[in-house]
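Asks: The structure's right below; bear with me while I get my questions together.
Read-outs: derived from the displayed coordinates by stated rules, not from any lab. Just so it is clear, the structure is predicted and the values come from calculations on it, not from any experiment. A quick note on method: Cβ atoms are made from the backbone with ideal geometry, for glycine too, and the neighbour counts reach across all protein chains shown.
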């Protein structure tokens, strides 16, 4: 499926006392990468929300293989797992150079912001991402 790389530089505040990126920061890295993945197709989170579509996280999984540290340059490779319907699923690989550090997956749900009920992926988004 469609992949897109996002560069991230580890900030000091994202590390713990051992100089390792705290696990809680990885969710933010995925969010940054997911937003950039959508923006490559001219799909804006802000525009989606302005149109009444929200994308709350339904599920998030991580497998940590190696730690990341302060001031390292990471690449988050974001891949759409399958054609979106009510849910959109992404796979991620986080690298330091060519070294694989973390594998992750997220599932988000398209939701109507007024009714708070799941909806199908809007047609304009499917079209924008090539479906």
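Asks: Could you work out how far the C-alpha centroid of segment 65-113 sits from that of segment 41-62, in angstrom?
Replies: Answer, in whole Å: 15.
Asks: What is the spread of the Cα atoms of the chain along each of their three principal axes, largest first, in whole Å?
Replies: Computed over the chain, the largest-to-smallest principal extents equal 44, 27, 22 Å.
Asks: Normalised by the number of residues in segment 1-112, what is the relative contact order in percent for Cα pairs under 8 Å and 6+ residues apart?
Replies: Numbers: 213 pairs, mean separation 37.7, N = 112.
Contact order relative to length: 34 percent.
Asks: Hey, what number do you get for the chain at 222 nm if only DSSP H runs of n ≥ 4 count, each worth -39500 (n - 2.57), divided across all residues, to the nearest 500?
Replies: On the way: 3 runs with 26 residues, N = 131.
-5500 deg cm²/dmol, from helical runs alone.
Asks: By per-residue mean of other Cβ atoms within 10 Å, what is the highest-first order of 39-47, 84-92?
Replies: 84-92, 39-47
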